[in-house]
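See structure below.
Bear in mind these aren't lab numbers, they're just calculated from the coordinates by the rules spelled out. Here the structure is a predicted model, which means the values were calculated and not measured. Positions of Cβ are generated from backbone atoms using ideal geometry, with glycine treated the same way; all protein chains shown enter the neighbour counts.
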Amino acid sequence: MSETSTTPVRLTRKPERRTPPGPATGTVPGSGKTACIRTFGCQMNVHDSDRMRRMILDAGYAEVTRYEDADLVILNTCYVRENAVDRVRGHLGELTRLRREGRLKKVALTGCIGAAEESETLRHQFGIDLVLGTHNTYELAEFVGLPTMEETYTPELPGTGGEHSAFVTIMTGCNYGCSYCVVPMVRGRMVCRSKESILSEVDRLVEGGTGYVTLLGQTVDAWRRDGERFCDLLEAVAERAPRVSFTTSHPSNMEDRTLWAIGSRDTIVKRLHLPVQSGSDRMLKIMHRGYKAERYRRKIGVFRDAAPEGTLSTDIIVGHPGETEEDHEATLGLVEDCSFDSAYVFKFSPRDGTEAATLGEPVAPEVSQRRFVEVLRGIEGNAFKRNSRKVGSVEELYVRHGANEDGRAIGETWTGHAVHLKTEANPGEYVRATIESAGPHALYGSLCGSPYGDLAPYGDV
Ligand code: SAH
Ligand code: SF4
């Protein structure tokens with residue numbers, strides 16, 4: 001795969017989200033074709049779906065939300081855990097039924113399952129029309145009747161300009177080889193996009209009205225190009241965009257100066273997602289993570305010094321082959337020491353082709369389940385304590401999701417906390433709110449000077 005784009009793709013218009021609730025109403029004159037994109041998994045996939053959305057809209061399709069209203073369904077899939085494949089099988093089963101009934105014409109399978117060998121079996125079993133991996137998404141263009149984009153490196157395709165917030169892919173793939181992970185197999189080796197190209201995309205987005213830019217990559221902090229490192233890029237983006245965030249980082253690449261930049265730059269959201277996976281050095285070695293728990297703790301110490309009010313989240317895997325009770329205790333100890341604001345806790349899932357799938361020494365499902373609950377409880381206890389400290393403060397919130405039917409919207413503080421509140425403000429606008437109460441997963445606020453002081457938390461204390 002080449003890193004440089006040749007002729008830029010000519011696009012006739014910006015993608016608009018056309019998502020009518022029912023059947024398409026023929027928003028594209030003379031075409032009448034409809035497509036539905038379903039996205040599974042991480043933010044990289046959300047972003048890839050945005051790119052594919054741009055292609056289908058450009059090809060004259062109207063976007064619909066229900067399978068039964070679509071001529072073409074695109075399942076953009078995740079392969080990280082086994083149950084991800086099971087979920088997709090369920091959807092493929094439903095699509096096969098709709099096709100038999102003549103309510104659907106074509107199905108495309110894209111994303112990480114598309115890049116895995118298992119996709120061949122799925123293609124035959126469900127008669128899928130098009131299977132694409134993560135490296136050749138551009139082939140969808142030809143499939144939907146656009147000129148081929150073969151020469152164009154996917155990350156150079158324009159993002160979704162004009163939206164209030166946007167992802168900007170700065171690198172693809174991963175050069176690590178974690179024992180349990182399929183990402184290097186399905187996304188390939190790391191390719192870093194040039195700073196120039198990234199900054200020009202950021203400029204274009206900001207000019208188009210985007211107020212929040214999230215830099216994206218599997219190991220985003222591993223970005224390096226022409227003698228510059230991630231922190232140089234982050235600082236340049238923070239000069240240009242009004243609000244900046246990034247995900248996902250790897251502890252081995254995280255430099256102290258990046259942590260200090262998060263704390264000191266006004267436009268960077270003070271939030272760090274730094275997956276640790278385990279608190280046991282023995283397990284970290286088996287997993288090939290490349291750092292020890294102490295080094296991770298030290299990084300967190302720097303982050304807490306740099307951004308004392310900031311939010312810290314992580315990923316933890318329980319029940320990796322060979323994990324003993326002692327290893328698990330070490331993870332619980334690290335959870336206490338780092339006092340995370342949130343975490344994604346996963347039970348180990350064996351993936352074909354990974355080293356961990358062949359290791360033996362499996363952890364019994366009931367043991368994994370108990371460890372899962374214990375880690376989760378530790379995380380939630382600390383998160384609740386930290387969130388409670390915010391009660392009474394007045395915060396400036398960026399509205400991420402506008403009000404639902406109950407009038408509840410979700411905003412984000414500059415420290416990266418999610419705040420539920422009643423407001424009619426649109427996504428992308430800023431409001432000021434007083435934090436009224438806290439739960440382990442979110443804060444609950446009311447607009448300053450508003451009558452909505454009575455917002456009851458959903459199930460939180
Ligand atoms: N690039 C990111 C992670 C991508 S996968 C990083 O290195 O942090 C997202 C998370 O899924 C991982 O952090 C890990 O916690 C979890 N995960 C990946 N493979 C898994 C597996 N086989 N079983 C259980 N969890 C897994
Ligand atoms: Fe997977 Fe490890 Fe790469 Fe993350 S760093 S994508 S967990 S191999």
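At-a-glance table
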item	result
Cα centroid separation - the stretch 55-73 against the stretch 357-379, whole Å	41
In nm, spacing of pseudo-spin labels at Arg295 and Arg66 (7 Å Cα→C-beta vector)	5.4
Per-bin percent of Cα-Cα distances, the stretch 394-447 [10 Å]	30, 62, 7
Nitroxide proxy distance, nm - points 7 Å out along Cα→Cβ at Ala357 and Ser194	3.8
HN-Hα J in Hz across the stretch 439-445 - Karplus 6.51, -1.76, 1.60, θ = phi - 60°, x for Gly and Pro	x, x, 10, 7, 10, 10, x
Sum of side-chain charges, Arg298 neighbourhood, beta-carbon under 13 Å (Lys, Arg +1; Asp, Glu -1)	0
Positive-end residue of Thr39, Val64, Gln125, charge dipole of the stretch 31-143 with Cβ unit charges	Val64
Asp48, Asp281 arranged by Cβ crowding within 10 Å, fewest neighbours leading	Asp281, Asp48
Radius, Kirkwood style, for the chain when every pair of distinct Cα atoms is counted (Å)	23.5
Selection from Ser245, Gly263, Trp223 lying farthest towards where the dipole of the stretch 218-268 points positive, charges on Cβ	Ser245
Distant-in-sequence amide H partners of Leu312 (H built 1.01 Å from N, under 5 Å)	Leu272, Asp341, Ser342
Charge dipole (the chain, unit charges on Cβ, about Cα centre) - positive-most of Gly145, Ser197, Met55	Gly145
Label-point separation in nm, Glu239 to His288, each point 7 Å along Cα→Cβ	3.8
Net charge dipole size for the stretch 296-336 [Lys, Arg +1 and Asp, Glu -1 on Cβ; Debye, nearest 20]	340
Cβ-based exposure ranking for Met171, Met185, in which fewest neighbours within 10 Å come first	Met185, Met171
Ranking of Phe40, Phe230, Phe167 by count of other Cβ atoms within 10 Å, fewest first	Phe40, Phe167, Phe230
Partnerless cysteines, meaning none of the other Cys C-beta atoms lie under 4.7 Å away, in the chain	Cys36, Cys42, Cys78, Cys112, Cys174, Cys192, Cys231, Cys338, Cys448
Fully extended contour minus Cα-Cα distance, from Cys448 to Glu101, at 0.36 nm per residue	119.5 nm
Antiparallel bridge percentage (DSSP; both residues within the chain; nearest 5)	35
Cβ charges +1 (Lys, Arg) and -1 (Asp, Glu), total dipole of the chain, debye	380
